[in-house]
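**Student:** What follows is a single structure, and I will ask about it in a moment.
The values are calculated or read from the model by the stated rules, or taken from the named source; none is laboratory data. Because the structure is predicted, anything quoted here is derived from the model rather than measured. We place every Cβ from the backbone using ideal geometry, glycine too, and count neighbours over all the protein chains shown. Note: areas computed on protein heavy atoms with side chains; ligands, DNA, RNA excluded. Shrake-Rupley method; radii C 1.70, N 1.55, O 1.52, S 1.80 Å.
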Amino acid sequence: MKINLVMIVKDEERSLEKSLKAAKPIADEIIIADTGSRDRTREIAALMGAKVFDFSWNNDFSAARNFALSHSDADWNLILDADEYLRDCSRQDLEKALEKREGIWLGGITRYDSYEDENGVSQSTSILPRLLPRGIRYTGLIHEQPEGDYPCYPVPLTADHDGYLNSNKGERNLPYLQKAVEEYPDDAYYQFQLASTLRNLKRQAESLPYFRRFYQLTGKKDSYKPGGIVLYLYTLLDLGTPSHLDEAAAIIEKEEKNLGRWSDFCFVCGLFYMKRVLSDVNRYINLLPRIEQSYKTCLSLGEHPEAGGVVGTGSFKATYNLGAWYEVSGQTGLALQYYKTAARAGYPPAVTRLKELTQPKT
């Protein structure tokens, strides 16, 4: 069995060596398509033993991916970006996983994305179809996906991704996504990606029409739908007007049956009920118990990286929010208990709040 690493790159000297070193133990060959680097990218790739091919950039990510794949003769092609770093993995275990199944299928790797938020650096996980059998190609101008309707099964590969911390991919990707949405207005995936990108750029009001369109178009089988719904809800909460909260309430009521066993959904529900009560205490006082219930459900569900979502919604983030809830409701003893649990997990806001509550006042 031959497994190749296949990449497209441009000006990746910051991270390329680290990425290639991490993947080299499981790759027979490294195939790289360079789309116009002006830094040391090509030199680093060559020093790491990669075969480097020039690709004239034509504003089409799939075309670049497919060009790189055309130079690989492997049975399986591992697709990574230069800001993704494989964690230790046994080549033997990977081959066993690939030999278990017959027919054409895609291998899903678990990726941990680091990003900055109001509490520092957080992580989210997703399962991405990145191990492709020979002959599979890509489609899509941007946020390209493997062609064909093939099943995706997890394989024992995990990668860390730091690209959101070190570059503004949103600004780079925005014109491509706007063009894609204009050309394919009924493509739910492009609507979702444009909405998500605008949200990440703090342009929530602009993102909302695309979230609505995504929600109308997407189907039950689309793997990105649950995460898109949660981001849609966060956007509505960020905007926070009574009409936006009404819209969020309708979505939660509709989706609770489908998503109610996923900690990310329950977590955003807890935030929603808090905002709803604060928006009109007399009218929504009956929702108070649902705040506590939402976060307790998160903890009962626990962490499941394979399901995708924000790391901590099934553990320390939900624990901290329960502590905050107990504190504002006057249950200081319970608040301290939950803050301590979240602090032991290393969650900075819990550490800070615990110190504030326990230090003697002068």
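**Student:** Going through region 11-46 one residue at a time, which ones are open to solvent by 60 Å² or more (accessible area, probe 1.4 Å), in contact (Cβ under 8 Å) with a residue 24 or more places away in the chain and out of contact with any Asp or Glu (no Cβ under 7 Å at 6 or more places or on another chain)?
**Tutor:** R14, E17, K18, K21, K24, P25, D28
**Student:** Continuing with the same structure: Name the residues in region 277-298 that are open to solvent by 60 Å² or more (accessible area, probe 1.4 Å), under 11 Å from A318 (Cα atoms) and either at pLDDT below 95 or within 21 Å of the chain's Cα centre (by Cα) (or both), would you?
**Tutor:** Across region 277-298, there are no qualifying residues.
**Student:** A further question follows. Those residues that are in contact with a Lys or Arg (Cβ under 9 Å, 6 or more places away or on another chain) and of a type in the set (F, W, Y), I need them from region 65-111; list them, please.
**Tutor:** W76, Y85
**Student:** Sticking with this one: Quick check on G140: is it on the phi > 0 side of the Ramachandran plot and in contact (Cβ under 8 Å) with a residue 12 or more places away in the chain?
**Tutor:** Spelling it out, G140 is indeed on the phi > 0 side of the Ramachandran plot and in contact (Cβ under 8 Å) with a residue 12 or more places away in the chain.
**Student:** Could we say that I142 is at pLDDT below 95, closer than 26 Å to V181 by Cβ and either outside any strand (DSSP E or B) or of a type outside the set (F, W, Y) (or both) here?
**Tutor:** Considered against the rule, which asks whether it is at pLDDT below 95, closer than 26 Å to V181 by Cβ and either outside any strand (DSSP E or B) or of a type outside the set (F, W, Y) (or both), I142 comes out as yes.
**Student:** Hey, another quick one. Suppose we filter region 160-218 for residues that are within 22 Å of I127 (Cα to Cα), of a type in the set (S, T, Y), open to solvent by less than 60 Å² (accessible area, probe 1.4 Å) and in a helix (DSSP H, G or I); how many remain?
**Tutor:** Here the count works out to 5.
**Student:** I'd like to check something: does region 197-217 contain any residue that is more than 14 Å from the chain's Cα centre (by Cα), without any contact (Cβ under 8 Å) to a residue 12 or more places away in the chain and closer than 30 Å to W76 by Cβ?
**Tutor:** For region 197-217, residues more than 14 Å from the chain's Cα centre (by Cα), without any contact (Cβ under 8 Å) to a residue 12 or more places away in the chain and closer than 30 Å to W76 by Cβ: absent.
**Student:** Just to be sure, is G308 touching a residue at least 40 places away in the same chain (Cβ under 8 Å), open to solvent by 20 Å² or more (accessible area, probe 1.4 Å), within 28 Å of C152 (Cβ to Cβ) and of a type in the set (G, A, S)?
**Tutor:** So G308 does not fit the description; no.
**Student:** Which residues, counting only those in region 102-138, are over 30 Å from G346 (Cα atoms) and in contact with a Pro (Cβ under 8 Å, 6 or more places away or on another chain)?
**Tutor:** Those that are over 30 Å from G346 (Cα atoms) and in contact with a Pro (Cβ under 8 Å, 6 or more places away or on another chain): I104, W105, L106, G107, P129, L132, I136, R137, Y138.
**Student:** Check region 255-273 and report whether any residue there is open to solvent by 10 Å² or more (accessible area, probe 1.4 Å) and over 21 Å from L299 (Cα atoms).
**Tutor:** Among the residues of region 255-273, not one is open to solvent by 10 Å² or more (accessible area, probe 1.4 Å) and over 21 Å from L299 (Cα atoms), which makes the answer no.
**Student:** Going through region 311-339 one residue at a time, which ones are among the β-branched types (V, I, T) and surrounded by 22 or more Cβ atoms within 10 Å (Cβ to Cβ)?
**Tutor:** Correct list: T313, T319.
**Student:** Just to check your reading of the model, which residue among E306, E256 is modelled with pLDDT of 95 or more and either under 25 Å from Q191 (Cα atoms) or assigned to a helix (DSSP H, G or I) (or both)?
**Tutor:** E256
**Student:** Scanning region 107-157 for residues that are of a type in the set (S, T, N, Q) and either touching a Leu at 6+ places or on another chain (Cβ under 6 Å) or open to solvent by 40 Å² or more (accessible area, probe 1.4 Å) (or both), which turns out nearest to I3 (Cα to Cα)?
**Tutor:** Ranking the candidates gives Q145 first.
**Student:** Might you let me know whether region 66-80 holds any residue that is open to solvent by less than 20 Å² (accessible area, probe 1.4 Å), in contact with a helix residue (DSSP H, G or I) (Cβ under 8 Å, 6 or more places away or on another chain) and either over 22 Å from P25 (Cα atoms) or not aliphatic (A, V, I, L, M) (or both)?
**Tutor:** Yes, that holds for at least one residue.
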